[in-house]
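Only one structure is covered here, and it is reproduced in the block below.
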Amino acid sequence: MLPKYQSAFEELRKEILTGKYKPGDRLPSEAELVQRFGASRITVGRAVKELQALNLVERRAGSGTYVKVAKGGGLSFGLLIPDLGRTEIFEPICEGMADAPQAVQHALVWGNSSGGSRQDQAWQLCQQYISRNVAGVFFASLEGLTEGDETNHRIIGALERARIPVVLLDRDFLPYPRRSRHDLVGIDNRRTGYLATEHLINLGARRIAFLSYARTAATIAERAAGYREALLFHGIPLVPEMVHQLESEDDASMRRVVEMGHPDAFVCGNDPTAGRLMQELIAAGYRIPLDVRVVGIDDLRYASLLPVPLTTMHQPCREIGMAAMSAMLERLARPDMPVRDVLLECQLVVRKSCGGVSSH
């Protein structure tokens, strides 16, 4: 059991780092802290002195104790996101981190790499953040690596040896059901795939295919698992041939998918896949949604601008960023707490491509 002064110190430190008390805020009076923690004035005073030693608070004579306003002294966090600029979800996630109320006194560091492969660039950023002694790193692991590529493990290993906390964005770097020792913030991909499929079932679809590309994110496999679960729950036979993983983006591959099994609906692993499918369906003379219904996942900016506006599951990217910042600060405040998955809910956005009733 922690000594009382340390327990009070840890609680107040956590509340400052997670933004409950913001820069410039006055802490509760000594008498209020004594009552809150059931401790003596000497004990509470010792806890506050520990906060002062960390440069988190300052005493003002005759006024009280205040959270210090950072003057270049806030924490710096590195962004290690190899797909930033390639995958649309990460830009609003980063914006959410920067806009989080708890981030007001801290800084996000955007490293620079000198070129090379994606693996080389990611490793360069990792080394930069270690040399800068950042307080933590937000890491979106590399996807689509060749078998045996250890870049993700190399990066995580280096950060662990440097004792730099890591918050994983969107996905773990280990395949399910294995789990790394770092907090993860993203969406519940399995539930998202389930809800997208169930929406089509409720509209009367029965020959529902799942479409994605091979060697994509582990999150796509989780969405496919949700698709299978929805079919089984609703008593629809699971036909393995209706789960398609395209090896390439050529039109012939997409055309074979459209003709195989004659699906009456598709759940696509993400919105870009749904957009490409729509192009092939329209070129082949199919009417969306009269002949084939289509649902995507992510709700990217162009989803409503496709030839047939896309029904999709909206990924709350900004909120993911805010939750990631909160998770990082909580990890710093409580380094020994259990590893967590922080999974946000996706909402269905109904548009014309599914043939359902639009809520917009």
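Using r as the Cβ-Cβ distance of Ser114 and Arg41, and R0 as 41 Å, what FRET efficiency do you calculate, to the nearest 0.05?
Values: r = 57 Å, r/R0 = 1.38.
E between Ser114 and Arg41, to the nearest 0.05, is 0.15.
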Placed amide H near Arg171: partners under 5 Å, 5+ positions off or other chain = Ser141
request  = Could you work out, for the chain, what percent of all Cα-Cα pairs fall into each 10 Å distance bin, beginning at 0 Å and stopping at the bin that holds the largest distance?
outcome  = 5, 22, 25, 20, 15, 8, 4, 1, 0
query = Under a 5 Å amide H to amide H cut-off, with H placed in plane at 1.01 Å, what residues pair with Gly136 once short-range neighbours are removed?
reply = Gly78
task = Collect residues whose amide H, placed 1.01 Å from N in the peptide plane, falls under 5 Å from the amide H of Met313; neighbours closer than 5 in sequence don't count.
result = Gly296, Ile297, Asp298, Asp299, Val349
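Would you mind telling me the antiparallel percentage of the DSSP bridges in the chain, rounded to 5? Before the final figure, lay out the partial values.
On the way: 8 of 41 bridges.
Looking only at bridges with both residues in the chain, the antiparallel portion is about 20 percent.
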Phi to ³J(HN,Hα) by Karplus 6.51 cos²θ - 1.76 cosθ + 1.60 over the stretch 33-40, Hz, x for Gly, Pro = 5, 4, 5, 5, 9, x, 10, 7
query = What percentage of all Cα-Cα pairs in the stretch 115-197 are separated by more than 22 Å?
reply = 30 percent
request  = For the stretch 226-327, state which GluC sites (Glu not before Pro) are in a DSSP loop and have at most 16 other beta carbons lying within 10 Å of their beta carbon.
outcome  = Glu247, Glu249
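Report the Rg/Rh value for the stretch 213-337, based on alpha-carbon coordinates and the Kirkwood definition of Rh.
Reported Rg/Rh (Cα atoms, Kirkwood Rh): 1.07.
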query = How large is ³J(HN,Hα), in whole Hz, for each residue of the stretch 190-201 in order, when computed from phi with the Karplus curve 6.51 cos²θ - 1.76 cosθ + 1.60 and θ = phi - 60°, using x for Gly and Pro?
reply = 5, 5, 4, x, 4, 5, 4, 5, 4, 4, 5, 4
request  = May I ask for the angle, rounded to the nearest 10°, between helix 41-53 and the longest principal axis of the chain, with both axes built from Cα atoms and the value confined to 0 to 90°?
outcome  = 60 degrees
message = If you take every residue apart from Leu332 with its C-beta less than 10 Å away from the C-beta of Leu332, what net charge results, scoring Lys and Arg +1 and Asp and Glu -1?
response = +3
query = Using the per-residue mean of other Cβ atoms lying within 10 Å as a proxy for protection, in what order, highest first, do the peptides 188-194, 30-36 fall?
reply = 188-194, 30-36
Residue-by-residue Karplus 3J(HN,Hα) for the stretch 285-299, coefficients 6.51, -1.76, 1.60, Hz, glycine and proline x = x, 6, 9, 9, x, 4, 8, 9, 9, 9, 10, x, 9, 2, 6
task = Calculate for the chain the 222 nm mean residue ellipticity that helices alone would give, adding -39,500 (n - 2.57) per DSSP H run of length 4 or more and normalising by residue count, nearest 500 deg cm²/dmol.
result = -12500 deg cm²/dmol
task = Considering the convex hull of the alpha carbon atoms of the stretch 4-67, report its projected area averaged over all viewing directions, in nm², one decimal.
result = 3.8 nm²
inquiry  = Please arrange Leu281, Leu84, Leu246 by how many other C-beta atoms lie within 10 Å of their C-beta, fewest to most.
reply    = Leu84, Leu246, Leu281
request  = Arrange Lys68, Lys22 by Cβ neighbour counts within 10 Å, fewest through most, would you?
outcome  = Lys22, Lys68
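Dividing the Cα convex hull volume of the stretch 313-353 by residue count, how many Å³ per residue is that?
On the way: hull volume 2.3 nm³, N = 41.
Cα convex hull per residue, to the nearest whole number: 56 Å³.
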task = Within 10 Å of each residue's Cβ, count the other Cβ atoms and sort His106, His153 from fewest upward.
result = His153, His106
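Taking the stretch 153-198, how much of its Cα-Cα pair set, in percent, is spaced more than 16 angstrom apart? Please report the intermediate quantities before stating the final value.
Details: 500 of 1035 pairs.
Across the stretch 153-198, Cα pairs with separations above 16 Å total 48 percent.
Please give the contour-minus-distance gain from Leu305 to Val342: 0.36 nm per residue of separation, less the Cα-Cα distance, rounded to one decimal in nm. Walk me through the intermediate numbers first.
On the way: separation 37, 0.36 × 37 = 13.32 nm, distance 3.10 nm.
Stretched out fully, the Leu305 to Val342 stretch lengthens by 10.2 nm.
The numbers here are math on the coordinates, done by the rules we state, and not lab data. None of the values given here were measured: they were computed from a predicted structure. Using ideal geometry, Cβ is built from the backbone for each residue, glycine included, and neighbour counts are taken over all protein chains shown.
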